[in-house]
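First the structure, in the form of structure tokens, and then the observations on it.
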Amino acid sequence: MSTEPVDAPPVPDLVTGDDGLARPVWASSDELLREYYDNEWGMPVRDERGVFERLSLEAFQSGLSWRTILAKRPAFRAAFADFDADTVAAFGEDDVARLMADAGIVRNRAKILATITNANATIALRQDGGLADFVWSFRPTTTPEPHSYAEVPTKSDESLALSKALRKRGFAFVGPTTMYALMEALGIVDTHLIGSHRRGTSGVWS
């Protein structure tokens, strides 16, 4: 029997770029997605504005591609006062009309109203430690270790619990799948594929 070492088979969902770094297929060719993957996705976000923004954008993303939302993010930030909860909570019908006429964002009335609702709920949560600490309190004891995207969960017991808890606090568009995507984006779970250059870089999971 040969004692030569056997190279591990390549992971089909990872692509090694010209820079020698392995990334998932979805982040390997599009410059905007690659920049987001390399520098933002899965890195810890623990401030109210940052968590509120990501919660809002995950809700707007429902039914659409993340690439679409990412490309519109500057317009979203401008339209929603950089996701300052106090400002958004004070939005009235004139603001809703303005947002519905803004071609730079996703003009979905239900999602726009949900963002205003969630701004008010975010303010209310301050008396109990704030949105960021509340969301992070649902961090699981372990994180997935996927070798392929077929192994990446789309929801978990924790995302279901977070969804229910936020709904009780008055939040909208916070289903368990959307909340799992939020947990991934914030670094609460690490679903970077084994072999990706980003795996374990958040400092949250070793």
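Scanning for something over 18 Å from the mean Cα position of the chain (by Cα), loosely packed, with under 14 Cβ neighbours inside 10 Å and over 22 Å from E184 (Cβ atoms), does region 62-82 turn up at least one residue?
As a first pass, look at region 62-82 and keep what is over 18 Å from the mean Cα position of the chain (by Cα): 78-79, 81.
Add one more test, that the residue is loosely packed, with under 14 Cβ neighbours inside 10 Å, and what stays is 78.
Adding the requirement that they be over 22 Å from E184 (Cβ atoms) leaves 78.
Yes, region 62-82 has at least one match.
Starting from residues that are open to solvent by 40 Å² or more (accessible area, probe 1.4 Å) and either of a type in the set (S, T, Y) or farther than 25 Å from G63 by Cα (or both), keep the ones in region 118-132 and report whichever is farthest from the chain's Cα centre (by Cα). Give the steps one after another, and end with the answer.
Narrowing region 118-132 to residues open to solvent by 40 Å² or more (accessible area, probe 1.4 Å): 120, 123-124, 126-129.
Applying the additional criterion that residues be either of a type in the set (S, T, Y) or farther than 25 Å from G63 by Cα (or both) yields 123-124, 126-129.
Working: I123: 20, A124: 22, R126: 21, Q127: 25, D128: 23, G129: 21 Å.
My answer is Q127.
Just give me the residues in region 173-199 being assigned to a loop (DSSP other than H, G, I, E, B) and open to solvent by less than 30 Å² (accessible area, probe 1.4 Å), in sequence order.
Applying the first criterion (assigned to a loop (DSSP other than H, G, I, E, B)) to region 173-199 yields 173-175, 187-199.
Correct list: V174, G175, G187, I188, V189, D190, T191, H192, L193, S196, R198.
Within region 105-112, can one find any residue that is hydrophobic (A, V, I, L, M, F, W, C), under 14 Å from the mean Cα position of the chain (by Cα), closer than 16 Å to V174 by Cα and at pLDDT 95 or above?
First pass over region 105-112, keeping only residues hydrophobic (A, V, I, L, M, F, W, C): 105-106, 110, 112.
Restricting the remaining residues to those that are under 14 Å from the mean Cα position of the chain (by Cα) gives none.
Checked against the condition, which is being hydrophobic (A, V, I, L, M, F, W, C), under 14 Å from the mean Cα position of the chain (by Cα), closer than 16 Å to V174 by Cα and at pLDDT 95 or above, region 105-112 yields no hits at all.
Going residue by residue through region 19-42, is there one that turns out to be within 27 Å of S206 (Cα to Cα), among the charged types (D, E, K, R), at pLDDT below 95 and surrounded by fewer than 13 Cβ atoms within 10 Å (Cβ to Cβ)?
yes
Name the one entry in T115, T143 that is within 18 Å of the chain's Cα centre (by Cα) and either under 30 Å from F91 (Cα atoms) or among the small types (G, A, S) (or both).
Details: T143 fails: either under 30 Å from F91 (Cα atoms) or among the small types (G, A, S) (or both).
Answer to the check: T115.
The values are calculated or read from the model by the stated rules, or taken from the named source; none is laboratory data. Treat the numbers as computed from the prediction; the structure is a model and nothing was measured. Every residue, glycine as well, gets a Cβ built from its backbone with ideal geometry; the counts of neighbours run over all protein chains shown. Remember, those area values only see protein heavy atoms, side chains included, never the ligands or the DNA or RNA. Shrake-Rupley method; radii C 1.70, N 1.55, O 1.52, S 1.80 Å.
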